[in-house]
Every structure is written in C-alpha cells, then in structure tokens.
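Report on the following structure.
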Amino acid sequence: MFGTATLTGLAGTQEKRMTNRTFVIGVGMTKFEKPGSRDWDYPDMGREAGEKALADAGIPYSDVEQAFIGYCYGDSTSGERALYELGLTGIPAINVNNNCATGSSALYLARNFVKGGLADCVLALGFEKMEKGSLALSFPGRTSPLDRHVQDMVDRRGYTTAPGAAQIFGNAGREYMERYGVTAETFAKIGEKNHRHSVNNPNSQFQDEYTLAEILASPMIYDPLTRLQCCPTSDGGAAVLVASERFVRDHNLWDRATEIAGQAMATDYENTFDGSDMSIAGFHMTQGAARKAYEESGLGPEDVQVIELHDCFSANELITYEALGLCGQGKAGVLVDDEATTYGGQWVVNPSGGLISKGHPLGATGLAQCAELTWQLRGQAGKRQVPGVTAALQHNLGLGGAAVVTIYKQAVA
C-alpha cells in the first residue's frame with residue numbers, strides 16, 4: 001500500500017506534468033500534387049517532409065523520442081517504412097488512421113505525449129499516396145464506418161450517383177440554404193476566395209485564380225457544389241515536431257517555437273443523428289472540440305487573426321464558421337458577403353488555399369494546416385502573410401468521425 005505522503009507526491013508530479021506547456025518547434029511539408037503526376041512513393045514523401053521539419057527545428061533525428069505517423073491508404077506498417085527514411089533509432093512508432101482528421105490526430109497524440117510528460121520531443125508525420133478520382137471504400141466487403149451517417153442522409157434526401165462525400169456536405173449546404181436563405185453564390189464565393197489565396201502558396205496543388213462566374217460555371221458535382229468548390233485527391237506529406245518547454249529552453253528554440261495553447265478532439269455525439277444534414281457533416285463535433293480548445297487556451301475566436309479550416313467542400317467552410325463561433329446562428333453567409341474571412345477582414349481563413357485548392361492528402365492535411373499557421377505566427381508566410389498575427393486556429397475534420405481544433409499563439413519564454 002502507498003502511504004499518504006507518497007500518494008500526495010505522485011499526484012503533485014502528475015499535476016506538474018499535465019500543466020506542461022507544449023510547442024511546435026519545426027514544420028515541413030512537400031508540395032501537394034495530383035496523384036500520379038510525380039514519380040515518388042510514400043517513403044519519399046515522409047523523408048522530404050520529415051527532413052524539412054528537422055531542419056526547421058535545427059535538431060537531429062536522434063533527439064526525437066516517439067513518432068506518430070498518419071495515413072489512410074497503405075499497409076499496416078507503412079508508417080515505420082516512411083520513418084526509416086529519417087533514421088533507425090529504435091523509437092516507438094504508432095500508425096494513425098482517423099479518416100480526413102488523421103494528420104491532426106497524429107498531432108493530438110504527439111502533443112499529449114509531451115503534455116503528459118512521457119517525452120520531450122515527438123514527431124507527427126503524415127502522408128498519402130492516393131488514387132485519382134473521388135474517395136472509395138478500401139474494404140467493400142464489410143460494414144462501412146459511415147453506414148449510419150449515410151442512412152441518416154438517405155432517409156431525408158435519397159442517394160444519387162454523385163460522390164458520397166459531396167452528397168453529405170452538399171446536403172449540409174442545402175440545409176443551411178433552406179434555413180437561412182443563403183444562395184449558391186455564397187458557397188461559390190468561398191471557392192473563389194480559397195483559389196485566390198492559393199496563388200501565393202508554392203506548396204499548393206492548384207495555384208490558379210478564378211472569377212466567381214468561373215466557379216459557378218464549372219461542372220456541377222452535387223448541387224450547389226461545382227467542381228471548383230470541391231477538394232481534389234492529392235499526394236503529399238507533412239511533418240510537425242512537438243516539444244516540451246524544457247526541450248525548447250535547453251535547446252534555445254524560442255525564436256522558432258509556437259505554443260499549442262489549446263487543443264481538443266471530439267467524436268460524434270448523440271445529436272449527430274438528430275435528423276439534420278449539418279449534424280452528420282460534423283457540426284456538433286466541431287462545436288464540442290472548439291469549446292474545449294477555447295477553454296484550455298483562454299482565447300476565443302475574437303482573439304485569433306488567421307484560421308486554417310477543413311474546407312473539403314465550400315459548404316463545410318460555411319457551416320464551420322458558425323460551429324467555431326465566428327458568427328451567430330444563421331449569420332455565416334453575412335461573413336462571406338462582407339468579406340470578413342479574407343485579407344482586410346476580421347480573419348483570414350485558409351490563406352494556404354485550403355483543401356479546395358492546396359489539396360487534401362488525408363494523412364498530411366492536418367499537419368500541413370499546422371505548418372501554415374506556424375509560418376503565419378513566425379511571420380514567414382511570404383506573400384500570404386497575414387498582418388499582426390498573435391494567435392491562430394486550426395480545424396480538421398474526419399467523418400465517422402473526429403474533429404480536432406487547435407489554438408496556437410506566439411511563444412513567450
């Protein structure tokens with residue numbers, strides 16, 4: 001049996017560990033590419049992204065104590081195979097698959113390992129080598145992880161030949177239109193904004209600017225979503241190094257560190273299946289994760305200047321404005337029409353071009369979002385730089401389901 005003094009000591013140690021500050025000290029990513037357009041494989045993606053993150057932090061791979069590697073399409077130890085491109089040091093490595101939130105899930109695990117005092121320097125690495133065309137089930141002979149979501153949608157809206165994800169998010173957009181009177185043009189404005197932002201991002205899969213008329217006139221995927229409002233499949237990798245305050249101090253990394261001030265993950269709640277298309281598209285998961293991240297960080301949406309948001313479709317960006325608390329109920333369309341989410345507005349949302357234009361290699365997406373916000377907080381985003389950034393918000397969503405919301409702020413020693 002433990003004595004009272006021993007128990008008190010253990011509790012105090014655990015409390016100290018759980019209040020550790022956590023920091024991003026290095027980020028790296030590849031250019032996101034159309035599948036098959038470049039002669040490379042996932043180990044190449046992992047090596048390029050990982051080496052860039054290590055170089056950015058200015059530390060050797062031997063300083064990394066643990067790795068979490070995210071991908072959705074690949075064999076069971078593909079993560080280790082990619083990690084071996086960086087070195088063979090025997091560290092524990094865990095593969096992560098959480099649908100489109102895989103990258104942020106790896107980051108969430110890395111951060112919690114550091115925050116809990118289990119390691120001082122952890123690598124989150126993500127990559128994806130994808131097939132052309134819309135997403136499809138990898139294991140069609142078993143229950144789909146989205147069977148309840150799809151059935152919930154089908155009961156209200158039916159099912160068409162359009163890609164399933166486009167239907168889920170497109171129907172969420174339709175519901176918002178029906179409730180609050182926004183138009184198809186409102187969604188198209190989001191696509192126009194994100195393509196315009198991507199022009200200044202050399203890592204973006206697409207770097208072309210389109211007029212609103214061109215966005216609206218592109219082929220219809222699922223009304224109201226045209227092709228230029230939908231994210232593509234992509235190849236690419238990204239990496240983030242997370243470290244403790246002690247590691248940052250001992251290695252004198254304050255000049256490049258950004259603090260993870262708050263972070264939360266949520267899965268589906270009972271009200272996901274409350275008869276709403278917005279609910280099955282992740283609205284409540286996002287709300288729940290955002291509430292917890294704001295609480296931990298002590299910051300609110302009014303305190304951040306730049307946001308990387310999971311705009312797999314323009315409709316999801318719109319409903320996520322409300323879920324993150326950027327506006328009141330039914331007011332997301334006003335933010336778009338008032339240009340409140342681009343340069344010169346209250347926030348700059350998706351300065352990278354977002355998933356719509358930057359691309360969406362599932363395992364890398366959340367880590368690439370972190371990289372963009374780290375560069376923004378450091379003032380290293382080049383032509384994309386948002387003026388006066390002191391805090392930033394990240395939102396990464398995977399149906400079936402997980403939502404990860406992370407708040408970053410400038411590091412203070």
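The values are calculated or read from the model by the stated rules, or taken from the named source; none is laboratory data. Just so you know, these numbers come straight off a predicted model, no measurement behind them. We place every Cβ from the backbone using ideal geometry, glycine too, and count neighbours over all the protein chains shown. These accessible areas exclude ligands, DNA and RNA; they are computed on the full protein's heavy atoms, side chains included. Shrake-Rupley method; radii C 1.70, N 1.55, O 1.52, S 1.80 Å.
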Within region 120-145, tally of residues that are open to solvent by 10 Å² or more (accessible area, probe 1.4 Å) and at pLDDT 95 or above:
2
Within region 154-164, identify whether any single residue is closer than 22 Å to LEU362 by Cα and of a type in the set (A, V, I, L, M, F, W, C), and answer yes or no.
yes
Region 160-212: number of residues that are assigned to a loop (DSSP other than H, G, I, E, B) and closer than 17 Å to LYS331 by Cα
3
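Matching residues to (1) assigned to a loop (DSSP other than H, G, I, E, B); (2) of a type in the set (D, E, K, R); (3) on the phi > 0 side of the Ramachandran plot:
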site	(1), (2), (3)
LEU54	no, no, no
CYS72	yes, no, no
ALA82	no, no, no
GLY87	yes, no, yes
ILE91	yes, no, no
Hey, can you tell me all the residues within region 302-328 that are over 28 Å from GLN410 (Cβ atoms) and either part of a helix (DSSP H, G or I) or in contact (Cβ under 8 Å) with a residue 60 or more places away in the chain (or both)?
CYS312, PHE313, SER314, ALA315, ASN316, LEU318, ILE319
Within region 209-240, which residues are of a type in the set (Asp, Glu) and in contact (Cβ under 8 Å) with a residue 40 or more places away in the chain?
ASP223, ASP235
Check region 208-221 and report whether any residue there is within 25 Å of the chain's Cα centre (by Cα), open to solvent by less than 30 Å² (accessible area, probe 1.4 Å) and either of a type in the set (Gly, Ala, Ser) or at pLDDT below 95 (or both).
no
Taking the options LEU228, LEU241, name whichever one is hydrophobic (A, V, I, L, M, F, W, C), outside any helix (DSSP H, G or I) and modelled with pLDDT of 95 or more.
LEU241
For residues that are buried (at least 24 other Cβ atoms within 10 Å of the Cβ) and of a type in the set (A, V, I, L, M), scanning just region 40-56, find the one that is farthest from GLY236 (Cα to Cα).
ALA53
Assess whether THR89 counts as being free of Cβ contacts under 8 Å to residues at least 40 places away in the same chain, among the hydroxyl-bearing types (Ser, Thr, Tyr) and touching a Ser or Thr at 6+ places or on another chain (Cβ under 8 Å).
yes
Selection within region 305-336 - closer than 26 Å to ALA371 by Cα and aliphatic (A, V, I, L, M)
VAL306, ILE307, LEU309, ALA315, LEU318, ILE319, ALA323, LEU324, LEU326, LEU335, VAL336
Quickly run through region 28-55 and pick out the residues that are farther than 21 Å from SER352 by Cβ and of a type in the set (Gly, Ala, Ser).
GLY36
Scan region 354-413 for residues that are assigned to a strand (DSSP E or B) and either surrounded by fewer than 23 Cβ atoms within 10 Å (Cβ to Cβ) or aliphatic (A, V, I, L, M) (or both) and report the count.
11
Failed condition for LEU299, given (1) buried (at least 22 other Cβ atoms within 10 Å of the Cβ); (2) aliphatic (A, V, I, L, M); (3) not in a strand (DSSP E or B), with all others met?
(1)
Restricting to region 146-157, name every residue that is surrounded by 14 or more Cβ atoms within 10 Å (Cβ to Cβ) and of a type in the set (A, V, I, L, M, F, W, C).
LEU146, VAL150, MET153
Identify, by number, the condition in (1) open to solvent by 10 Å² or more (accessible area, probe 1.4 Å); (2) within 17 Å of the chain's Cα centre (by Cα); (3) more than 17 Å from SER198 (Cβ to Cβ) that LEU324 doesn't meet.
(1)
Go through SER62, SER105, SER37, SER76 for me and flag whichever is hydroxyl-bearing (Ser, Thr, Tyr), part of a helix (DSSP H, G or I), at negative phi and surrounded by fewer than 17 Cβ atoms within 10 Å (Cβ to Cβ).
SER62
